[in-house]
Amino acid sequence: MSDDVDVPESHPRYASLVTRHRIEAGVEKGITSRQGLIAQGRGEAYDYLLGETTIDSADAAERAAAAHLLGADDPVVSVNGNAAALVPGELVDLAAATGAALEVNLFNRTEARIERIAAHLRDHGAAAVKGLTADGRIPGLDHERAKVDADGIGDADVVLVPLEDGDRAEALGEMGKTELVVDLNPMSRSAEVAAVPIVDNVVRALPNITAHARELREPDTDLDTVVAEFDPDDARAAAEQQIRRAELDD
Ligand code: ATP
């Protein structure tokens, strides 16, 4: 997917415009849904108020997420249409660094779109992509949205869900899964139910989780301590305060 945008890199909104362009290109390629454009707009507004930076509490959450993934028996990274358009290579790198499986998991599920996303991830180096077998179900959701792979999200103990919708995040939590959620809105239901709410843009969060995972893979690292030291309520509160403190330039 091309990052060609008609603005110089020195433009103050360059990163945001590139991100927007990737989502648009994702829609054109049939990877991202049109609702994904709306979700992107919501995310941009929060990111603007956060200062378009990884705040300290988000960095701590990214480290805790890396520790959870490394310590899991069956970790899965869930991939939706926005994440596939924005960070395909970074998803593949994270899966490789943590031993997690990649599973395509769509709100507006169609076989064709899952196939296209799986192919897109394979183009970016993914060896295996789950999501097409769809022989498992998440209890409490309607038929299409409940579908998962039994040996993927169905069996997972830890699931990283970038940009999950609130209903499904709640339902996964009720299944007893440890959820790691990337969502720029610290007040969303997805962030509220997460063991690790990562209030950061997925384009910054994913590579930073991978960097933490590479560092935490060193022998003798006490993953349990990293996990225990993280407090999800504190992380959401810190992000909310940061958003409320945002000031106008003079
Ligand atoms: P709730 O969880 O409160 O039910 P929702 O499911 O209705 O919310 P959506 O409208 O689907 O939420 O929006 C998706 C969420 O993803 C928003 O909270 C938005 O902030 C977040 N989001 C969008 N783009 C990004 C991004 N690039 N990085 C991180 N988060 C993002």
Seminar exercise, completed: Packing-ranked peptide list from 143-153, 42-52, highest mean Cβ count within 10 angstrom first, is 143-153, 42-52
Problem set entry | Between region 232-246 and region 121-160, the Cα center-to-center distance that results, in Å | 31 Å
Problem set entry | Computed over the chain, Cα set: Rg, Dmax in Å | 17.1, 56
Exercise. Once amide H atoms are built 1.01 Å from N in the peptide plane, which residues 5 or more positions from I198, or in another chain, come under 5 Å H to H?
Worked result: V181, V182, D183
Exercise. In angstroms, what radius of gyration and Dmax does region 76-142 have, counting Cα atoms only?
Worked result: 11.6, 34
Problem set entry | Highest to lowest packing among 126-139, 77-90, scored as the average C-beta count within 10 Å | 77-90, 126-139
Exercise. Classify region 70-186: rounded, prolate or oblate, from the alpha-carbon gyration tensor (a ≥ b ≥ c, eigenvalue square roots; a/c under 1.5 rounded; otherwise prolate if a/b is larger than b/c)?
Worked result: rounded
Exercise. Relative contact order for region 89-206: what is it in percent, counting Cα pairs under 8 Å that are at least 6 residues apart?
Worked result: 18 percent
For this session: Between E174 and A127, take the C-beta separation as r, use R0 = 25 Å, and let me know the FRET efficiency to the nearest 0.05.
Result: 0.20
Exercise. Check A101: other-chain or 5+ apart residues with amide H under 5 Å from its amide H, H built from backbone geometry?
Worked result: V76, V77
Exercise. By the gyration tensor of its Cα atoms, with a ≥ b ≥ c the square roots of the eigenvalues, what is the shape of region 7-67: rounded for a/c under 1.5, prolate for a/b over b/c, or oblate?
Worked result: oblate
Problem set entry | Carbon + sulfur, % of accessible area of the chain - ligands and nucleic acids excluded, 1.4 Å | 46 percent
Problem set entry | Loop GluC sites (Glu not before Pro), region 180-250 (other Cβ atoms within 10 Å of the site Cβ: 15 or fewer; DSSP) | E247
For this session: Calculate, for region 92-183, the solvent-accessible area per residue in square angstrom, rolling a 1.4 angstrom probe over the heavy atoms of the protein chains.
Result: 39 Å²
Problem set entry | Extension gain, T221 back to L37 (0.36 nm per residue minus Cα-Cα distance, nm) | 62.2 nm
For this session: Apply the Karplus parameterisation 6.51 cos²θ - 1.76 cosθ + 1.60, with θ equal to phi minus 60°, to every residue of region 183-188 and state each ³J(HN,Hα) to the nearest whole Hz, in sequence, with x for glycine and proline.
Result: 7, 6, 9, x, 9, 5
Exercise. By per-residue mean of other Cβ atoms within 10 Å, what is the highest-first order of 11-24, 172-185?
Worked result: 172-185, 11-24
For this session: When you have a sec, figure out the Kirkwood radius of region 129-246 from all distinct Cα pair distances and drop it here in Å to one decimal?
Result: 15.5 Å
Exercise. Where Rh is the Kirkwood radius over the Cα pairs of region 136-179, the temperature 25 °C and the viscosity 0.890 mPa s, what D in µm²/s does Stokes-Einstein return?
Worked result: 237 µm²/s
Exercise. Tell me, what is the percent relative contact order of the chain, built from C-alpha pairs under 8 Å that lie six or more residues apart?
Worked result: 23 percent
Seminar exercise, completed: Percent relative contact order for region 164-250, counting Cα pairs under 8 Å at least six residues apart, stands at 24 percent
Problem set entry | Unit charges on C-beta of K, R, D, E only; dipole of region 24-127, Debye | 400 debye
For this session: Using +1 at the Cβ of each Lys and Arg and -1 at the Cβ of each Asp and Glu in region 97-248, identify which of H120, A100, V226 lies farthest towards the dipole's positive end.
Result: H120
Exercise. Just how large is the dipole of the chain about the Cα centre, in debye to the nearest 20, putting +1 at every Lys and Arg Cβ and -1 at every Asp and Glu Cβ?
Worked result: 880 debye
Problem set entry | Computed [θ] at 222 nm, deg cm²/dmol, the chain (DSSP H ≥ 4; -39,500 (n - 2.57); rounded to nearest 500) | -16000 deg cm²/dmol
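The values are calculated or read from the model by the stated rules, or taken from the named source; none is laboratory data. Owing to the predicted nature of the structure, the values given are computational and were not obtained by experimental measurement. Virtual Cβ from ideal backbone geometry, glycine too; neighbours counted across all protein chains shown. Heads up: the accessible areas ignore ligands, DNA and RNA and are worked out on the full protein's heavy atoms, side chains in. Shrake-Rupley method; radii C 1.70, N 1.55, O 1.52, S 1.80 Å.
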